[in-house]
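The structure under discussion appears below in the form of structure tokens.
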Amino acid sequence: MTAPREVSVVDEDAGSAPAARRVVHQGDGVAWLAAAAPLPEDHAIVTSLPDHSELPELGLDGWRAFFEDVAASICGAVADDAVAVFYQTDVKHDGRWIDKAHLVERGADRAGSHLLWHRIVCRVPAGIVTYGRPAYAHLLCFSRSLRLPPAASAADVLPALGEMTWPRAMGRAACEAVTTFLVAHTRCRTVVDPFCGLGTMLAASNAAGLDAIGVERSPKRADRARRLVLEPGRRARLRERAPEVP
């Protein structure tokens, strides 16, 4: 088996000194997390777990077990006073809703983690009927030891996802809401996303001055995750590829 590819990128657009750094591994996020745990105290995990449509070989019941197991592993991988944040959108299967927030919380319970906040992110304006996926997504934050005072409260409903870098992305506004929380209320200096896709969370973390580590199975998506840049007031863009080192 070929070892996961690792590329380090210095995000010169983050505007901080020293510049925030980004490393993207091309490989399996579950295997990477198992090898990396426990993470350093200044690392947080922010991610979205794969939908059952992305893992059809597991079957629905197998995917449920996988989802809960990985949620437990993620919550257990961070330090006691660090946080794990999940962005998840429910899906309808055979005329029934699959509540992913429920599955995440089952995994968090197994890891001894507690819910710090649960925010609803509007995927479309309120009052619009949607099919297959609801008009909202879940944003959930867990920790084993961290406690938040009332002054740390924020809006429970985000009115919009923000810019989407691809259909399955965590919206830019949701990513920025998470980085705002991490900077203000945790000791986080590095954000880890074991299922980083095109890297929206990684780029948002760098823009907030935080280092970022991502893992992505697809070589094409991993390449884009290394190069995605978010700048205030501008749409997302891709940095030019660095020349290959002989």
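The values are calculated or read from the model by the stated rules, or taken from the named source; none is laboratory data. It should be emphasised that the depicted structure is a prediction, and the values quoted were computed from it without experimental measurement. Here the Cβ positions follow ideal geometry from the backbone for every residue, glycine too, while neighbour counts run over all protein chains shown. Remember, those area values only see protein heavy atoms, side chains included, never the ligands or the DNA or RNA. Shrake-Rupley method; radii C 1.70, N 1.55, O 1.52, S 1.80 Å.
I want to confirm something. Restricting to segment 36-62 and keeping residues that are in a helix (DSSP H, G or I) and of a type in the set (D, E, K, R), which single residue is least open to solvent (accessible area, probe 1.4 Å)?
E54
For R189, state whether it is out of contact with any Lys or Arg (no Cβ under 8 Å at 6 or more places or on another chain) and without any contact (Cβ under 8 Å) to a residue 24 or more places away in the chain.
no
Which is of a type in the set (S, T, N, Q), within 17 Å of the chain's Cα centre (by Cα) and modelled with pLDDT under 95, of T190, T165, T186?
T165
Please indicate, with yes or no, whether at least one residue in segment 185-192 is surrounded by fewer than 24 Cβ atoms within 10 Å (Cβ to Cβ) and over 16 Å from C141 (Cβ atoms).
yes
Testing H25 on (1) assigned to a helix (DSSP H, G or I); (2) buried (at least 19 other Cβ atoms within 10 Å of the Cβ); (3) touching a Gly at 6+ places or on another chain (Cβ under 8 Å), one condition comes back false. Which one is that?
Failing condition for H25: (1).
Tell me which residues, restricted to segment 114-134, are open to solvent by 30 Å² or more (accessible area, probe 1.4 Å) and in a loop (DSSP other than H, G, I, E, B).
Answer for segment 114-134, where residues must be open to solvent by 30 Å² or more (accessible area, probe 1.4 Å) and in a loop (DSSP other than H, G, I, E, B): R123, V124, P125, A126, G127, I128, V129, T130, Y131, G132, R133.
Does E240 count as of a type in the set (D, E, K, R), outside any helix (DSSP H, G or I) and free of Cβ contacts under 8 Å to residues at least 60 places away in the same chain?
yes
Which one is surrounded by the fewest Cβ atoms within 10 Å (Cβ to Cβ) among residues in segment 150-184 that are out of contact with any helix residue (DSSP H, G or I) (no Cβ under 9 Å at 6 or more places or on another chain) and part of a loop (DSSP other than H, G, I, E, B)?
Restricting to residues being out of contact with any helix residue (DSSP H, G or I) (no Cβ under 9 Å at 6 or more places or on another chain) and part of a loop (DSSP other than H, G, I, E, B), the top hit is P167.
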